[in-house]
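Notes for the one structure printed next.
We did not get these values from a lab; they are worked out from the coordinates using the rules stated. Everything numeric here is computed off the predicted structure, so don't read it as measured data. Because the Cβ atoms are built from the backbone with ideal geometry, glycine has one as well, and the counts that use them run over all protein chains shown.
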Amino acid sequence: MVSRDWFEMPLPDHRMYPLVTRKLVVDGFGNLPMKEPEDRICVYVKQVLIEKSTNQVYKTIEMPVWIIYEWNQEEVIRPDGSVMTTIIEENDDAGNKIGEQELPKKVPSVQYVKFLVKSKSAHLVDVLERFMIQYVTIFKNEIDLI
């Protein structure tokens, strides 16, 4: 048996609703038809509340659709799970090196997701897991407003 959902992410208990467990569920993803030739991914999410006593679904709440645009940037992950970094040199007005800074290497999100999936470097579920961590950060207020 396979779940109908693409990905599930447990959430901590809500302080005002201790009798239910919560999880975010990715219903689907895709592209919305738009007039501009912009590359984007739409992630459709719902929050599911489950009664602890019966383990039955109490309520399903539609969450905001997350549109990841082509200009969003994503950190590049190595196969071992660490973040790839790059060294940025800091120069003075005369062009002399005065220091350097190590920063995470970032690439366009949509292209990176397509590369990971098409090159079989990561499974779709792994990509969704990574993005859902960001979703929780971006939509924290909406998630907690149940």
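When only alpha-carbon atoms count, how far does the chain stretch along each of its three principal axes, as whole angstroms with the largest first?
For the chain, the Cα extents along the three principal axes come out at 69, 36, 33 Å.
Using +1 on the beta carbon of Lys and Arg, -1 on that of Asp and Glu, and nothing else charged, what's the dipole of the range 7-144 about the Cα centre, debye to 20?
Details: 17 positive and 22 negative charges, 151 e Å.
In debye, rounded to 20, the range 7-144 gives about 720.
How many nm separate the modelled label positions at residue 83 and residue 117, each set 7 Å beyond the Cα in the direction of the Cβ?
Rounded to a tenth, the inter-label distance reads 2.4 nm.
In whole percent, what relative contact order does the chain give with Cα contacts below 8 Å and a gap of six or more residues?
Details: 229 pairs, mean separation 25.3, N = 146.
That works out to 17 percent.
Using every alpha carbon pair in the range 68-127, what percent of pairs falls into each 5 Å bin from 0 up to the bin containing the largest distance?
So the P(r) values, bin by bin, are 4, 17, 19, 20, 12, 10, 8, 6, 3, 1.
Which of 109, 121 comes first, and how do the rest follow, when ranked by fewest Cβ neighbours within 10 Å?
Arranged by neighbour count, lowest to highest, 109, 121 become 121, 109.
Which number gives the lysine pairs in the chain that have C-alpha atoms under 21 Å apart and are eight or more places apart or on different chains?
For the chain, the number of qualifying lysine pairs is 14.
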